[in-house]
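Scroll down for the structure; my scribbles are underneath it.
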């Protein structure tokens, strides 16, 4: 199988491209269009050069990926993605905690859970418990005032829809936000956790089974099966340890600005470009 090397960053120098072309023994260099940053395809690269390429790209702050040369975006049938710190720039639970005066405490637990240091279901229950008594209106304030799409998210979604790809949002966050993102971006599917609200205030509990790592993976499998798609036609994007099982269920997994534990297990790691960098991983010629 022929393999190409994809190089991406906000600014890719000619010197870096020449160096990477030489060390990867690639047959040519072509600019990739359709993304908001600079991206290049080095055709016919030697995957055995990975260690040298990685060392150079880390030093030069470039994203790289060795990908099958002929794989096109139209080959993909389903893209599954996390929401908090992936599709959007914030962790919604941390911002809710800010309204409760407990952001530092909750954010510390969130970060530890995303690194895989503590049990995720336990961490969610602890964090939600700290929100007990918060007015329901804080949810709308977070959505209106703090929630923003991650760079390149709208470009990725638009290109995927144009290619006929179904979009699955699967989150350890909350239905208040995932349902609004589903409607706003016309996503096909969305799954997350439901906060219990009593008398206009958060009770400190979630309703029903948790959308944890196992549930995320199951939602990907079930959605793909319902669409008649094999693993080879699935892409999964995430940033935290609770995304790993879902990402393992896709042929291509993308760690986007992710924790170290996720980057080491993903097919591709993107640290310097927006979500539209996923598009550059597929042949558009």
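Please pick out the residue among 217, 280, 255 that is within 17 Å of the chain's Cα centre (by Cα), crowded, with 21+ Cβ neighbours inside 10 Å and not in a helix (DSSP H, G or I).
Just one listed residue meets the conditions, 255.
Restricted to the range 233-252, and to residues that are assigned to a helix (DSSP H, G or I) and under 10 Å from the mean Cα position of the chain (by Cα), which residue is nearest to residue 83 (Cα to Cα)?
Restricting to residues being assigned to a helix (DSSP H, G or I) and under 10 Å from the mean Cα position of the chain (by Cα), the top hit is 243.
Assess whether residue 163 counts as being over 30 Å from residue 122 (Cβ atoms) and exposed (fewer than 15 other Cβ atoms within 10 Å of the Cβ).
Criteria not met by residue 163.
Scan (1) in a loop (DSSP other than H, G, I, E, B); (2) crowded, with 22+ Cβ neighbours inside 10 Å; (3) in the same structural domain as residue 249 (by TED's automatic domain parsing) for the single condition residue 90 breaks and write down its number.
The one condition residue 90 does not meet is (2).
Taking the stated definitions as given, is residue 44 over 30 Å from residue 130 (Cβ atoms), surrounded by fewer than 23 Cβ atoms within 10 Å (Cβ to Cβ) and under 18 Å from the mean Cα position of the chain (by Cα)?
Criteria not met by residue 44.
Would you be able to say whether some residue in the range 55-73 is closer than 17 Å to residue 252 by Cβ, assigned to a helix (DSSP H, G or I), touching a strand residue (DSSP E or B) at 6+ places or on another chain (Cβ under 6 Å) and not assigned by TED's automatic domain parsing to the domain that holds residue 269?
no
The values are calculated or read from the model by the stated rules, or taken from the named source; none is laboratory data. What you see is a predicted model; the values in this text were computed from it and never measured. Neighbour counts run over all protein chains shown; Cβ positions are idealised from the backbone, glycine included.
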